Amino acid sequence: MSPSQVHINGNNSEKGKSNGHGSSINIESQNRAAFETPADGGKLIVLTAPLTETIDHAGYFIQMGMASMPIWMEGVLNRKYPKWRDVEYNDDGSAKYMPAGTRVLEASLQREFNSDDIAACLPDDLHKFVGPNTRVVAVSTHNPLGVTFAAGVYTSIFGSSKMPINSHYARLMFQQIKSNPYRDTFKVIVGGSGGWQIIQTDLYDELGVDCVVEGRSESLDTLELFRKAIRGEDLPREIEVKHPTTREGIIFPDKRTTFGVVEMTTGCGRRCQFCLPDLNPQIDLPKEQILKAVRANVREGNKQISLATEDMFIWGQVHTDTPFYFPNREALVGLYTDIVNTPGVEHHVLSHSTIAPAVVDPILIKKLSDLLLPQSPIHLPYLSSHPQKKALTPLIGLETGSVSMGKKIMPSKGVPFSIEDWPSVVIQGLTVLNANNWFPAMTLIVGNPEETDEDVMATLDVIYEVERRGLFAFFIPSIFTPLHDTRMEMKKGVTETMQLSPLQWQLIMKCWKMNLRPVQYSWWTPTVWRVGAIGLWMYKLRKLNGPNFKWPLLMFSSAMSEKMMGRLGKIYTGKPITVKSRKELIAGLKPHYLQYLRADNGDLPEGYVAQAQPGVQRAPLALPVLP
Ligand code: B12
Ligand code: SF4
C-alpha cells in the first residue's frame, strides 16, 4: 500500500480551521490539496511539530495525558476537552504558537536565512507552505514514539505500548510529510528532546526521516546541516551538535510558544545517573532575555507563561560563591515578581524543581506562594487552603524511597542533605510545600536495574508515610527507561508490565489510589471507581498484565480493606519510618554548609550564631562562629 492510500485516524483541518471532531483522515485527499502548489512556490524551510505537542489548550496535563493514554482512549479526551484541536493561526495560515523548541530553531535559522524563507505551521497545513521551492521540512518533537518513561508504562498497562495518543499524531505528521508530492525535493530533519526515539527504534525509513539532530539548534553545526540540505547534499542519519556553554549562546525567540514556555535554565547539577538534561551545561539565563520572551508571548496573545527548567531553584545561584543547592531567595523572588507583573500575564505555571530547596529555605516557598498562587490556573478544591482554592503543581522527582537504590542512581538528589536522609528530606519538603499549597507531581521509577523487593518496600514505606501524615502529591510511577546517552544507557530494568513483581505493581497502584483521593469526595465516586476498575480488569487487564496485577488492582479499587489484604498476606502494608525533623536534618549537614543557611528559617544548631551580610546579594547570609 502506498502512503497516499493510507487511512489514519486523526484530525483533518480544512483551510487551517479545525473540524473539531477527530474524524478519519485520508492522506490521499491531503495530497490532492497539496497539488495546489503554494502560490509562491513554497518556503525554503518549513518547520512543524505534532499537533498534540503544539496545543496549549487546557494546561499541561492534557499533553501529559496524551503522552500516556493509548489512542483507543482518545474518545475520553474528546469528551472532556471537545475543543482541544482548536489551535490558532496567523493570517497566512502559519501557526500562531509552536513548541518552544520549534521557535528557538526558527530564531536560530533566522540568523542565516531570510525570515520570508521560513514558515512554521501545523502538520495539517504543510500543503500551504511546502512546494517546489522547499528544501527542508524540519520537525521538532518531544516524545514522538512514546518510548520514554512515564508514557510507555500506562499505554502498556492498557495493552498498546506503542501507540499513545501523542505517538499516533506524531506518526500521522510523518505520514503527511512522507506523502507530500514534493517529498523528493526536500530533506526531513528531526530534532527536539524526543529525536533519540527515532534513532533507537531505527524508524528512519518508516517515518521518512533523513536526519536526526541531537542537540541544540543554536549550534553552528546545525546551521551547516541546513545549508547542506539546501544544497541538496546527502545528510548523515544522525548528528550530535554542541550545546552552548554560555548564557549568551542561548537564543530566545521573539514569538509565541506553546504554554508560553520560556527557558529559565539548562542543565541541573545534581548528576542523577538516569538523567538526560543533566548532561547539558548548567546555565541560568539572563533575566532581561527571559522577560523579553515573556513580553513577546503576551504581545502575540498568550496569557500564560511557564519557565522551562530542570530545577527552578538553581536560577540566580549558578557559578556564584554559594553552592547552587542553596537557592538565591532574592533573585528568585525578583524574577517571578517581574514575570507575574508583566502586563498581560494572567496565568503562570511552574515546570520542574527539586524538593531539597523546600527544606533548605521554607520562607522562599512561602514568598513564592504569595506571589504565584493568585496567578495559578490550577484549582484543587479539596486540597488547597487558598481562598480561591488555587494550587501550584511543579514536577519533582522522588524516583525511589530506598536509600540504597538512591545511593546507586542519584547520590546527590537531596544535596545539601545526605542521600541517607532522602526519605526525611522528601517528607519534610512535602510538608513545607503542602503548607504553602504546593501539591507537586512526583515521579517515581519502578523496575530500576537490580531493584530488590526491599527497595520497593522502602519506597512503599515513604508513600504510606505520606498517607499517614495526610500529605499530598500526585505520584507518577513509571518503568525504568534507559535513556540514550545517559549514564545508565546500557542498563536494563523491567521492560514489560508482565515482568512486574507483585510489590512493583502494588507501588504503581498505591500511587494511583492515593492520587485519586481528592476526586473521591462524593458518595458515588468510590463505587463507580471500584466497579469500573474491577470490570476493566476482568475484561482486559488480567490477560495483559498477568497474575501479579490481581491483588494490587483489587487494592486500588478498594474491593477489600488494605489491612485485611495485608493480613491475608496479599499486599505489603508498609512500616512506619523514622523521619528526621528539619532541625535534625540541618544538624547532620557538613559544618561548612551552615554558612549558607538563612537564619530567619530557624533550626540552626545551638551555639551557632548567624550573621547577616548586608549588601552581598549572592554571598552567604550566615557565617559560622569559629571556636
Ligand atoms: C515544558 C516541558 C513540557 C511541557 C510542554 C511541552 C510542550 N509541548 O511545549 C509539558 C508539561 C506538556 C511536557 C510534557 C511531557 N514531557 Co516534557 N518537558 C518540558 C521541558 C521542561 C522544557 C521543554 C522545552 O520547551 N525546552 C526549551 C526548548 C527550547 O528546548 P527543546 O525543545 O529541547 O529544543 C532545543 C533542542 O532540542 C533543539 N531542537 C528542538 N527541535 C528541533 C528541531 C530540529 C530540526 C533541530 C535541528 C533542533 C531542534 O533546539 C532547541 C534549542 O535550540 C523539558 C525539559 C527541558 N529543560 O528541556 C521536559 C522534557 C522535554 N519532557 C520530557 C517528558 C518525559 C515529557 C512527557 C513524556 C512527560 C509525561 N510523562 O507526561 C510529556 C510528553 C508530552 C507529549 N506531548 O508527548 C522529558 C523528555 C524525555 C525524552 N523525550 O526522552 C524532558 C527532557 C524532561 C526530563 N527531565 O526528562 N513537557
Ligand atoms: S534532579 Fe532531576 S534534573 Fe537534576 S539530575 Fe536529577 S533527575 Fe536530572
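Could you list, in sequence order, all residues of the stretch 436-471 that are farther than 23 Å from SER404 by Cβ and without any contact (Cβ under 8 Å) to a residue 40 or more places away in the chain?
GLY470
Report yes if GLU218 is surrounded by fewer than 23 Cβ atoms within 10 Å (Cβ to Cβ), near ligand 1 (Cβ under 9 Å from one of its atoms) and among the charged types (D, E, K, R), otherwise no.
Details: surrounded by fewer than 23 Cβ atoms within 10 Å (Cβ to Cβ): yes; near ligand 1 (Cβ under 9 Å from one of its atoms): yes; among the charged types (D, E, K, R): yes.
So GLU218 fits the description; yes.
Exactly one of these conditions fails for VAL340: (1) touching a His at 6+ places or on another chain (Cβ under 9 Å); (2) within 12 Å of ligand 1 (Cβ to nearest atom). Give me its number.
(2)
Could you list all residues from the stretch 282-310 that are open to solvent by 20 Å² or more (accessible area, probe 1.4 Å) and within 14 Å of ligand 1 (Cβ to nearest atom)?
Passing the criteria: GLN282, GLN289, GLN304, ALA308, GLU310.
How many residues does the stretch 221-234 hold that are open to solvent by 30 Å² or more (accessible area, probe 1.4 Å) and not β-branched (Val, Ile, Thr)? Write out each step before concluding.
Residues of the stretch 221-234 that are open to solvent by 30 Å² or more (accessible area, probe 1.4 Å), as a first pass: 221, 224, 227-228, 230-234.
Pick out the ones that are also not β-branched (Val, Ile, Thr) and you get 221, 224, 227-228, 231-234.
Final tally of qualifying residues: 8.
Look through THR431, THR459 and report the one residue that is in contact with a Lys or Arg (Cβ under 9 Å, 6 or more places away or on another chain) and modelled with pLDDT of 95 or more. Before you say what the answer is, go through the steps one by one.
Details: THR459 fails: in contact with a Lys or Arg (Cβ under 9 Å, 6 or more places away or on another chain).
The conditions single out THR431.
Please go through the stretch 316-353 and give me each residue that is hydrophobic (A, V, I, L, M, F, W, C) and assigned to a helix (DSSP H, G or I), ordered by number. Explain how you work it out, then say what you get.
The first filter runs over the stretch 316-353 and keeps only residues hydrophobic (A, V, I, L, M, F, W, C), leaving 318, 324, 326, 331-333, 335, 339-340, 345, 349-350.
Within the stretch 316-353, ALA331, LEU332, VAL333, LEU335, ILE339, VAL340 qualify.
If you check LEU279 against the conditions, is it at pLDDT below 95 and surrounded by fewer than 17 Cβ atoms within 10 Å (Cβ to Cβ)? Outline the logic, then answer.
Values: at pLDDT below 95: yes; surrounded by fewer than 17 Cβ atoms within 10 Å (Cβ to Cβ): yes.
Spelling it out, LEU279 is indeed at pLDDT below 95 and surrounded by fewer than 17 Cβ atoms within 10 Å (Cβ to Cβ).
Being in contact with a helix residue (DSSP H, G or I) (Cβ under 8 Å, 6 or more places away or on another chain) and either part of a strand (DSSP E or B) or of a type in the set (Phe, Trp, Tyr) (or both) is the filter here; which residues of the stretch 198-240 pass it?
Within the stretch 198-240, TYR204, CYS211, VAL212, VAL213, GLU214, PHE226, GLU238, ILE239 qualify.
Here are the criteria: (1) over 21 Å from the mean Cα position of the chain (by Cα); (2) modelled with pLDDT under 90; (3) not β-branched (Val, Ile, Thr). Tell me which single one TYR60 does not satisfy.
The failed condition is (1).
Hey, any hits in the stretch 263-274 for a residue that's away from ligand 2 (no atom under 16 Å from the Cβ) and either within 30 Å of PHE186 (Cβ to Cβ) or open to solvent by 20 Å² or more (accessible area, probe 1.4 Å) (or both)? Step through it out loud before you land on a result.
Within the stretch 263-274, the subset away from ligand 2 (no atom under 16 Å from the Cβ) is none.
No, there is no match, as no residue in the stretch 263-274 is away from ligand 2 (no atom under 16 Å from the Cβ) and either within 30 Å of PHE186 (Cβ to Cβ) or open to solvent by 20 Å² or more (accessible area, probe 1.4 Å) (or both).
If you check PHE313 against the conditions, is it in a helix (DSSP H, G or I), within 16 Å of ligand 2 (Cβ to nearest atom), buried (at least 19 other Cβ atoms within 10 Å of the Cβ) and at pLDDT 95 or above?
Details: in a helix (DSSP H, G or I): yes; within 16 Å of ligand 2 (Cβ to nearest atom): yes; buried (at least 19 other Cβ atoms within 10 Å of the Cβ): yes; at pLDDT 95 or above: yes.
In short, yes.
In this structure, is ILE339 of a type in the set (Val, Ile, Thr) and within 16 Å of ligand 2 (Cβ to nearest atom)? Lay out the reasoning, then the answer.
Working: of a type in the set (Val, Ile, Thr): yes; within 16 Å of ligand 2 (Cβ to nearest atom): no.
Answer is no for this residue.
Please go through the stretch 187-203 and give me each residue that is farther than 19 Å from PRO164 by Cβ and open to solvent by less than 10 Å² (accessible area, probe 1.4 Å), ordered by number.
VAL188, ILE189
Restricting to the stretch 173-186, give me the number of residues that are among the β-branched types (Val, Ile, Thr) and open to solvent by 10 Å² or more (accessible area, probe 1.4 Å). Can you show your working first?
Let us first name the residues in the stretch 173-186 that are among the β-branched types (Val, Ile, Thr), namely 177, 185.
Checking the rest, the ones that are also open to solvent by 10 Å² or more (accessible area, probe 1.4 Å) come to 185.
Selection size over the stretch 173-186: 1.
Mind telling me which of the residues LYS389, LYS366 ends up being of a type in the set (Lys, Arg), more than 16 Å from ligand 2 (Cβ to nearest atom) and within 20 Å of SER581 (Cβ to Cβ)? Break it down into steps so the answer makes sense when it comes.
On the way: LYS389 fails: within 20 Å of SER581 (Cβ to Cβ).
Result: LYS366 is the single residue among LYS389, LYS366 that is of a type in the set (Lys, Arg), more than 16 Å from ligand 2 (Cβ to nearest atom) and within 20 Å of SER581 (Cβ to Cβ).
The values are calculated or read from the model by the stated rules, or taken from the named source; none is laboratory data. Note that the coordinates shown come from a computational prediction; the quantities given were computed from them, not determined experimentally. Using ideal geometry, Cβ is built from the backbone for each residue, glycine included, and neighbour counts are taken over all protein chains shown. These accessible areas exclude ligands, DNA and RNA; they are computed on the full protein's heavy atoms, side chains included. Shrake-Rupley method; radii C 1.70, N 1.55, O 1.52, S 1.80 Å.
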